[in-house]
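Written out below as structure tokens is the structure these notes cover.
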Amino acid sequence: MRRLLLGLIVLLLASGGASADEDWRRLCTLGGVADRDGRIAIAPQASASTISSVLPDGGLVPFSIERRFEADLAYFALVGRLGDTPGLHGNRVPAGAREAPVLHARATEDSQRTELRIRLPRVETFALWPAHRVIIMVCRPNRGAIEAVGAIDVPIAGYGTAVVGALALVALVLIATAAVRRRMSPGLSVARSLDPLVIAQDGLGYGSISRLQVFFFSLIVFGLLTYIALRTGVVAAISGDVLILMGIAAVGTAGAALVGNTGPVATRTAETERTPADSGSGSGSLAPETRIFLAATGLVPLDRVAQWRDLFVARGEIDIFRVQAVVFSIFVGGTLVISGLEQLAAYEIPPTVLGLLGLSQASYVGGKIVFRRPGDIAELDSAAATARAALAAIAAGDTSAPMLDQARIALGQLRRALALLLEEAVPQARMEALIAAAARQGRQ
């Protein structure tokens, strides 16, 4: 036996590719890590523990073993899936167990245990939390033997399984909200109902940056929390910066709603009905006949579906405030996904970036305030009443040039009033089409 040991030492020393740590491991296992039944041999048993009930694969995970830390000891570990060896129990080594790197061994506070970190292998299966056995061995190199061994059985979560599971749950939320949207708009196709912009659209069917931001960040945070829960078995804490981010999006939504997101509040609800006599009185809602007229002429279509251009275009031109809000939202959302995969609780957004995001929200809401006036709704009521009367006169048979000019002027005023409230310029051709349709009706 001594000759065999001496020969092996000479062979190891002659091997230029073998490190000192590898020599220690081979010497420690020379007597046999496992006997014929797969049990750890020639070593006293010690308790082993870890930080969580579920561990992430590929991660550098803290473990501890009941053995006083000594600087001249060597530590190494074997990790194997229990499912590969049915009926495995006790301190048996699973079939196919592989050595895992052990790093950062140090003493714990009670000085009777040694804490170390083990790089767990990747789980090459989509099974949810397959059970693995982690075997920690303590070796004294100058004796060439294992002095202590600890075994612990833990589930190890695969990266692929966690990603697929998180994406599946996010998709489930998306499908559920899309189903609600489709019930609200029966004519909507399945593909369009799954569009996040359509899900977050306002009651007029216009895309809303602020509503989309809340939906966008909520899905990201929910997906990250699900991913971390599947990887570690615990609900992760959320950093204060993430809460600030969600708060900025919520404040932007509330501010846009107060100003009037993409259309007058009265076109979205009938809770503040008023009589024709109230028109022009400065009330915050449109007259019922104005809403009926706008819907009947198609100037405010009831079945409109949000378009992505709604995020960038307002009043017939590119709105820089909107572009700024979209760009910074995409940037922050991307960094949140990348950083949150590792540690959501430690995710930090630089104060300058938070300031830029808050500034973009303030600019977006402020841009709406700039183009809002207290008398806008009263002006729209008045313009709609004038246009409605002119079109009615033409439809009754008065197709004289003065009446046609009066109709064009009234519809022009209505077009400008709609552009201020809807933040979308109604094409002039649509106004001309209304006059032409009324004239045809008058000639019949």
Checklist outcome for this item: So the helices (runs of 4 or more DSSP H) completely within segment 182-251 holding 2 or more residues that are over 30 Å from P351 (Cβ atoms) and not aliphatic (A, V, I, L, M) are 190-193
Checklist entry - Which condition number in (1) closer than 24 Å to I349 by Cα; (2) crowded, with 20+ Cβ neighbours inside 10 Å; (3) of a type in the set (A, V, I, L, M, F, W, C); (4) modelled with pLDDT under 85 is the one that A166 fails? => result (4)
Item to check | Those residues of segment 194-249 which are of a type in the set (V, I, T) and either at pLDDT 80 or above or surrounded by 18 or more Cβ atoms within 10 Å (Cβ to Cβ) (or both), in sequence order | outcome: V198, I199, I209, V214, I220, V221, T226, I228, T232, V242, I248
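Consider R192 carefully, then state whether it is more than 18 Å from the chain's Cα centre (by Cα), over 18 Å from R309 (Cβ atoms) and not assigned by TED's automatic domain parsing to the domain that holds W129.
Numbers: more than 18 Å from the chain's Cα centre (by Cα): yes; over 18 Å from R309 (Cβ atoms): no; not assigned by TED's automatic domain parsing to the domain that holds W129: yes.
So R192 does not fit the description; no.
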Checklist entry - Restricting segment 100-113 to residues that are surrounded by 15 or more Cβ atoms within 10 Å (Cβ to Cβ) and out of contact with any Asp or Glu (no Cβ under 8 Å at 6 or more places or on another chain), which is nearest to A168 (Cα to Cα)? => result A100
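Checking the condition surrounded by 16 or more Cβ atoms within 10 Å (Cβ to Cβ) and either among the β-branched types (V, I, T) or at pLDDT 85 or above (or both), which residue from I40, I51 passes?
Values: I51 fails: surrounded by 16 or more Cβ atoms within 10 Å (Cβ to Cβ).
One residue alone meets the criteria, I40.
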Item to check | Scope segment 287-338; condition surrounded by 17 or more Cβ atoms within 10 Å (Cβ to Cβ), under 17 Å from the mean Cα position of the chain (by Cα) and among the hydroxyl-bearing types (S, T, Y); matching residues | outcome: S329
Next on the checklist: Being modelled with pLDDT under 80 and either outside the structural domain of L230 (by TED's automatic domain parsing) or aliphatic (A, V, I, L, M) (or both) is true for just one of R106, R98, R92, R119. Which residue is that?
Outcome noted: R92
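Rundown of residues vs (1) touching a helix residue (DSSP H, G or I) at 6+ places or on another chain (Cβ under 8 Å); (2) closer than 30 Å to V102 by Cα; (3) charged (D, E, K, R), yes/no style:
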position: G150; (1), (2), (3): no, yes, no
position: P155; (1), (2), (3): no, yes, no
position: A162; (1), (2), (3): yes, yes, no
position: R181; (1), (2), (3): yes, no, yes
position: Q213; (1), (2), (3): yes, no, no
position: L224; (1), (2), (3): yes, yes, no
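The values are calculated or read from the model by the stated rules, or taken from the named source; none is laboratory data. All values derive from a computational prediction rather than experimental measurement. A quick note on method: Cβ atoms are made from the backbone with ideal geometry, for glycine too, and the neighbour counts reach across all protein chains shown.
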